[in-house]
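One structure is given below, encoded as structure tokens.
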Amino acid sequence: MIPYGRQSISEADIASVVAVLRSDFLTQGPAVPRFEQALADYCDVGHAVAVNSATSALHLACLALDVGPGDVVWTSPNTFVASANCAVYCGAEVDFVDIDSATFNLSIAALTEKLKWAEQRGMLPKVVIAVHFAGLSCDMQAIYRLSETYGFSIIEDASHAIGGQYLDQAIGCCRYSDITVFSFHPVKIITTGEGGVATTNNPELARRMTLLRSHGITRESSEMTHLPDGPWYYQQIELGFNYRMTDMQAALGLSQLGRLDDFVAKRHELVKLYYRYLSDLPVVWQRQTNECYSAFHLFVVRMQPKNLWSTQIQVFERMREADVGVNLHYIPVHLQPFYRAKGFAPGDFPVAEAYYEQAITLPLYPDLAEVQIQQVVDTLRKASKDR
Ligand SMILES: *Cc1c(COP(=O)(O)O)cnc(C)c1O
């Protein structure tokens, strides 16, 4: 089976993890701050707070921005459920903004309209979570300008997008956002097994996320309510969690970060091959924009309607039978039973729903060979011929 995504682990990656296993610290040692500094340097951002998943990073980001009961958080329906769940963890409401049919990212036109509508009703969002779908940045300048008018905070869910750029700056630099989140799950661009990070230029947001990832406990006397009882002393000043990353994970991440630019360059080469081999098939793919250098986490094709095409289900079944691990990103989040129970219904976000009925994620990862791309495209050609 050719999977839709998979990690690339080198001997050097393995050696870096083994070295931690032979060292004094498996967690809370030197590897995590080293990885955080390397990420902050790579992204040209003030602070990086490493945690055990992007889901945890999104949760901490919402908490640091004081999201709570009575607040509303908006995101894209074309994302993994974690982009929405993080607000629910904080007791806030979630709402969605429909996507653009060409970039599959949050639509700026829809966001502008919805903000006007929400302002009239006194229902403006506290935070907008912009998801960089498949590694392509959203139009962050436009979202930032709207935030100045309407007063919301911005989180970038860049789980797909480490190694990508927007306006010649690394995604994660937070030029147009408060916090950016990356995921290091094995299908993403670089991996730590499980893991994530939140980047920010705001020292207070970094301080709160660092505090909350480890139980809300501080050892800084300046943060305590009174002078320490002694050298053993710590205080719990908020209710936090254990969202820490281990040193084994951080060592793997540090080693993978050194390979990041090569990974993304390789993904670009492979996508160009897809463009070439797919050119005679009635499919479209995500429109790239001049402002962006995508990290190309995913390669999605959209089957065009009214062609002599098999159904989406037939194509999926035939391709999987032929050992091509196609996937679908994403089932619109508002159609999940958990969100339907909150009142969302089919028809609420028609562009994301129409996209869902045509999308197929084809395999894309750095170790994919050109012959495998030919095999994927040939299989797609055969699988889509007749009903
Ligand atoms: C993978 C992913 C997440 C969650 O990442 P984890 O590290 O698995 O928690 C969140 N948002 C998006 C868009 C993702 O693709």
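The values are calculated or read from the model by the stated rules, or taken from the named source; none is laboratory data. Just so we're clear, the structure is a prediction, and the values are computed from it rather than from any experiment. Quick reminder, even Gly has a Cβ in these numbers, built from the backbone with ideal geometry, and neighbours come from all protein chains shown. With ligands, DNA and RNA removed, areas are computed over all heavy atoms of the protein, side chains included. Shrake-Rupley method; radii C 1.70, N 1.55, O 1.52, S 1.80 Å.
Brief remarks on what is shown
So that you can scan it fast, the table gives a plain yes or no per residue for (1) open to solvent by less than 50 Å² (accessible area, probe 1.4 Å); (2) hydrophobic (A, V, I, L, M, F, W, C); (3) touching a residue at least 40 places away in the same chain (Cβ under 8 Å):
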residue: TYR233; (1), (2), (3): yes, no, no
residue: GLU238; (1), (2), (3): no, no, no
residue: ALA250; (1), (2), (3): yes, yes, yes
residue: ASP261; (1), (2), (3): no, no, yes
residue: LYS272; (1), (2), (3): no, no, no
residue: PHE296; (1), (2), (3): yes, yes, yes
residue: GLN312; (1), (2), (3): yes, no, yes
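- Matching entry among THR225, THR192 (being away from the ligand (no atom under 13 Å from the Cβ) and not in a helix (DSSP H, G or I)): THR225
- Whether a residue is touching a strand residue (DSSP E or B) at 6+ places or on another chain (Cβ under 9 Å), among the β-branched types (Val, Ile, Thr) and farther than 26 Å from ILE9 by Cα was assessed, and ILE313 does not pass this test.
- Residue within segment 115-122 that is out of contact with any Asp or Glu (no Cβ under 7 Å at 6 or more places or on another chain) and crowded, with 17+ Cβ neighbours inside 10 Å present: yes
- Some residue of segment 200-212 being of a type in the set (S, T, N, Q), crowded, with 23+ Cβ neighbours inside 10 Å and within 16 Å of the ligand (Cβ to nearest atom): no
- Remark: TYR355 falls outside the filter, which requires a residue to be in a loop (DSSP other than H, G, I, E, B) and of a type in the set (Phe, Trp, Tyr).
- Count - residues of segment 370-382 that are surrounded by 22 or more Cβ atoms within 10 Å (Cβ to Cβ) and over 30 Å from SER10 (Cα atoms): 1
- Taken over segment 55-65, residues that are closer than 16 Å to ASP178 by Cβ and within 10 Å of the ligand (Cβ to nearest atom) amount to 3.
- Tally, over segment 72-92, of residues that are among the hydrophobic types (A, V, I, L, M, F, W, C) and under 16 Å from the mean Cα position of the chain (by Cα): 7
- Of residues in segment 339-369 being without any contact (Cβ under 8 Å) to a residue 24 or more places away in the chain and closer than 18 Å to ALA82 by Cα, the one most open to solvent (accessible area, probe 1.4 Å): ARG340
- Screening the candidates PHE96, PHE152, PHE104 for the property of being aromatic (Phe, Trp, Tyr), touching a residue at least 24 places away in the same chain (Cβ under 8 Å), within 13 Å of the ligand (Cβ to nearest atom) and under 28 Å from GLN286 (Cβ atoms) yields one hit, PHE104.
- Odd one out for GLN165 among (1) open to solvent by less than 20 Å² (accessible area, probe 1.4 Å); (2) touching a strand residue (DSSP E or B) at 6+ places or on another chain (Cβ under 8 Å): (1)
- Flag if PHE133 is within 16 Å of the ligand (Cβ to nearest atom) and surrounded by 21 or more Cβ atoms within 10 Å (Cβ to Cβ): yes
- Inside segment 274-292, residues that are surrounded by 13 or more Cβ atoms within 10 Å (Cβ to Cβ) and not in a loop (DSSP other than H, G, I, E, B) make up a count of 6.
- Answer residue from segment 66-81, given it is buried (at least 24 other Cβ atoms within 10 Å of the Cβ) and aliphatic (A, V, I, L, M) and is nearest to the ligand (Cβ to nearest atom) among those: VAL73
- Restricting the first member to segment 10-29 and to residues that are farther than 24 Å from ASP367 by Cβ and open to solvent by 30 Å² or more (accessible area, probe 1.4 Å), and the second to residues that are charged (D, E, K, R) and assigned to a helix (DSSP H, G or I), the beta-carbon pairs closer than 7 Å and six or more apart or on different chains are PHE25/ASP247; LEU26/ASP247; THR27/ASP247.
- Single residue of segment 38-53 satisfying the filter (within 16 Å of the chain's Cα centre (by Cα) and open to solvent by 10 Å² or more (accessible area, probe 1.4 Å)) that is farthest from the ligand (Cβ to nearest atom): ALA48
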